[in-house]
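Shown next, in C-alpha cells, is the structure this report addresses.
The values are calculated or read from the model by the stated rules, or taken from the named source; none is laboratory data. These numbers were taken from a predicted model, which means no experiment stands behind them. Here the Cβ is made from the backbone with ideal geometry for all residues, glycine too, and neighbour counts use every protein chain on show.
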Amino acid sequence: MTGSELDYHRAVKAFYEYVLPYEGDPKAQLKIVHTFRTVENADRISGSLKLDDEQRELVQIIALLHDIGRFEQVRRWNDFRDSRSVDHALLGAQILSGGLIRRFVSDPRWDDVILTCVAKHSSYSVEDIEDEHVRMHLHILRDADKLDIFRVRAEEPHAVFGAVTKQGIEQGNVSEDVVRTFMSHECIRIADKKTETDSVVMIAAMIFDMHMTETFRMLKERDLPGRVFDRYAFRDAETIKKIRAEADRYIQDKCRDSLPCV
Ligand SMILES: [Fe+2]
C-alpha cells in the first residue's frame, strides 16, 4: 500500500470476486491468465520509466481492469470476436462507469484515466488522446497487452484464436498489400487481411504500435514475434523470411533508443 487511495491488492481481491462465477469456464480462465501477465508486463515497463509508487499502482490497476469487459462478453455472447459480438473494450468501460469501478478503486480522482485506458486499449489508433498523463498510461497498457497477445499466439492452441487454423495459415499466401503495409512499418487493419496467413503478419505488425524501449527489450528477450512464426511451416516461406528480417531489424533499432519514448 502506498498511503494513497490506490491499492492494487484490494483491487485484485475485488477482481477475483468479480470473476468467481466464471471459475469453470476455460475461455474466461485464459483471460484471467492474460490479465495477470499484462499486469506483470505493465509493471516492468513502469519500473523502467521510474514512475513513483502511486503511478505504479495505477499502472497495475489499469492493467488488471483492461479486459474486464471480456467476462460479460463471454457470458452474453460466448464469443471473444468483437466483430461478432460487442467491442469488449467499450463494454468494459461502460460496466465500470456504471458503478463497478468503486469496488476496485475508492477514489474517483482516477476514474477518467482508468476508463479512457480501458475503453481505448484495443483501438487502432490513440492519436486523438491529448492529455499526456493519459497517453503515457495508454501506451504502457497497450504495450503490455500486446506483449501478452504475442505470448498467447506463440503458445496457446489454435482453437482459442477464433476462425484461423494451423493448416490455413501454413497454406496461404501473404497478400501484397499486407506485405507493403508491413514494410512501411504500419499496423494492418482487420479489414485489409485477406488470407489466414495475413493474420500472423497482422499480429507481427503490432510491433509498429509499441512505444516503450523496455517493451522492445522484452520482445527481444522473449524472441517475439519470432516464436509466433516458428510455429508454422509456411508455404510462402520467402515472404515470411523477409517480414521476419524486417521485424528483427526494427526491434533491434528500438532497443537502442536510450530514452523511453511516450
Ligand atoms: Fe482486450
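Restricting the search to the stretch 130-141, which residues are touching a helix residue (DSSP H, G or I) at 6+ places or on another chain (Cβ under 7 Å) and within 25 Å of residue 31 (Cβ to Cβ)?
Within the stretch 130-141, 134, 137, 138, 140, 141 meet the criteria.
Exactly one of these conditions fails for residue 118: (1) closer than 27 Å to residue 24 by Cα; (2) away from the ligand (no atom under 16 Å from the Cβ); (3) touching a His at 6+ places or on another chain (Cβ under 9 Å). Give me its number.
(2)
Checking the condition touching a residue at least 24 places away in the same chain (Cβ under 8 Å), of a type in the set (Asp, Glu) and either within 16 Å of the ligand (Cβ to nearest atom) or under 21 Å from residue 15 (Cβ atoms) (or both), which residue from 112, 107 passes?
107
Is one or more of the residues making up the stretch 227-246 within 16 Å of the chain's Cα centre (by Cα) and either aliphatic (A, V, I, L, M) or surrounded by 15 or more Cβ atoms within 10 Å (Cβ to Cβ) (or both)?
The answer is yes, given that some residue of the stretch 227-246 is within 16 Å of the chain's Cα centre (by Cα) and either aliphatic (A, V, I, L, M) or surrounded by 15 or more Cβ atoms within 10 Å (Cβ to Cβ) (or both).
Tell me, which residue of the stretch 66-86 that is in a loop (DSSP other than H, G, I, E, B) and at pLDDT 95 or above is nearest to the ligand (Cβ to nearest atom)?
Only one residue tops the list, namely 67.
Out of 132, 186, 156, 127, I need the residue that is within 16 Å of the ligand (Cβ to nearest atom) and exposed (fewer than 15 other Cβ atoms within 10 Å of the Cβ). Which one?
156
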